[in-house]
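Working notes, beginning with the structure itself.
The values are calculated or read from the model by the stated rules, or taken from the named source; none is laboratory data. Just so you know, these numbers come straight off a predicted model, no measurement behind them. Cβ sites come from the backbone with ideal geometry, for glycine too, and all protein chains shown count toward neighbours.
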Amino acid sequence: MIHFVLLVVCAVAIYLSCEWFVNAVEWLGRRLNVGRMAVGTVLAAFGTALPESVVTLVAVTTGANENAKDIGVGAALGGPLALSTIAYGVTGVMLLLKRRRGRLKEPAETGMPPGGPEGDRVLGDERDMKRLAKDQQWFLPIFAVKVALGLVAFAFKPTLGLLFFAAYLVYFWREIRGGHDESDDADELEPLKFQPRTASPATWAVAAQTLLTLAVIFFASQLFVKQLDAIGPMIGLSTTVTALLLSPVATELPEVMNAVIWVRQGKTQLALANISGAMMIQATVPSGLGLLFTTWSFDGALIWSGAVTMAAIVYLLATMRAHRLTPGRLAVAGGFYVVFALGLIPILS
């Protein structure tokens, strides 16, 4: 029973910490003078991707045997899978719920008549779609190479891990130097939680709130994963199934929470940018660590994970390029995780 109680406590702690984190990271972006979207793709993504990156780092560098190190390899594959399916899917569902509530309460302000198809409204203009598509275009080839390397073995494969670090540095530089949107300076930020009565909070307060919330998110996420590991066998799930199905969801919980909070605040583009930015980190940093410190060899379950992830991204990229990404189509991305779960049955049986 204690594991279920701790699971709920950790989930609440992560949500509340993310509430304060997104508040702090927006102010941090203002202080660092980075573009509004870079707040999501770089600053917020770096913070929320920290738990799973540390899981990979610890597993591949301190694992006593190959089985222990495989936990890190699984985390490197499971993270992008959960983000490209569950995180995008939850965001789509939240947008559908938010628009439905808005339609029921204030139909005149939604731009659509009562009873209109809320899930058919495109998310953003053509410029927004191009930006989102560009992130997926960066992710897909890098992830494809990452999966391909898990299928072959050759002497200098570990050194290729450095190329993944380099790829993220290029992406990071592109995002930071990408300029500001016209609305950046006009965007009003909520008061900093640490200094709610101050119009322009002190830099030390912004930094302190960011670091403190990151620490809470990190430790709560780790404790959340441990509770899932304990609950899995209690409800009849094997260790392998728990590691492949539940642990990735737990480690990506901060990104999902951030997306929920930003959607609730009406900042959909930041929510989507946070997910795509976290995916870029997951496609590069944990992969680089895995290549450097393990054999980086995939079994059937990991290959299936990679295939489903790429299928989800191809689907999302196609809708973005066609300027047809709607809340309903975004929610469909969550169905790819169901496909992954069903496909594991014959693989693990």
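Looking at this structure, is Leu212 part of a loop (DSSP other than H, G, I, E, B), modelled with pLDDT of 90 or more and in contact with a Ser or Thr (Cβ under 9 Å, 6 or more places away or on another chain)? No: the conditions fail for Leu212.
Checking each residue in segment 16-64 for being surrounded by 20 or more Cβ atoms within 10 Å (Cβ to Cβ) and among the acidic types (Asp, Glu) picks out Glu26, Glu52. Scanning segment 189-207 for residues that are in contact with a Phe, Trp or Tyr (Cβ under 7 Å, 6 or more places away or on another chain) and in a loop (DSSP other than H, G, I, E, B) gives Leu189, Leu192, Lys193, Pro201.
In segment 149-166, the residues that are touching a residue at least 12 places away in the same chain (Cβ under 8 Å) form Cβ pairs under 7 Å with partners that are surrounded by 10 or more Cβ atoms within 10 Å (Cβ to Cβ) and assigned to a loop (DSSP other than H, G, I, E, B), at six or more places apart or across chains, as follows: Leu149/Trp296; Gly150/Trp296; Gly150/Ser297; Gly150/Phe298; Leu151/Phe298; Ala153/Ser297; Lys157/Trp296. Being farther than 19 Å from Thr251 by Cβ, surrounded by fewer than 18 Cβ atoms within 10 Å (Cβ to Cβ) and touching a residue at least 24 places away in the same chain (Cβ under 8 Å) is a property that Ala311 has.
Evaluate the following for Gly343: is it surrounded by 24 or more Cβ atoms within 10 Å (Cβ to Cβ) and assigned to a helix (DSSP H, G or I)? No; evaluated as a whole, the condition is false for this residue.
With the condition kept exactly as written, say whether any residue in segment 294-303 is crowded, with 24+ Cβ neighbours inside 10 Å and assigned to a helix (DSSP H, G or I). No: zero hits.
Going through Gly78, Gly47 one at a time, which residue ends up being under 20 Å from Met257 (Cα atoms) and modelled with pLDDT of 85 or more? First the steps, then the outcome.
On the way: Gly47 fails: modelled with pLDDT of 85 or more.
Selected residue: Gly78, the only one of Gly78, Gly47 that is under 20 Å from Met257 (Cα atoms) and modelled with pLDDT of 85 or more.
Leu212 fulfils the conditions (1) within 13 Å of Trp20 (Cβ to Cβ); (2) among the hydrophobic types (A, V, I, L, M, F, W, C); (3) crowded, with 18+ Cβ neighbours inside 10 Å except for a single criterion, (3). Is it true that Gly277 is in contact with an Asp or Glu (Cβ under 9 Å, 6 or more places away or on another chain) and farther than 14 Å from Val147 by Cα? Against the criterion (in contact with an Asp or Glu (Cβ under 9 Å, 6 or more places away or on another chain) and farther than 14 Å from Val147 by Cα), Gly277 qualifies.
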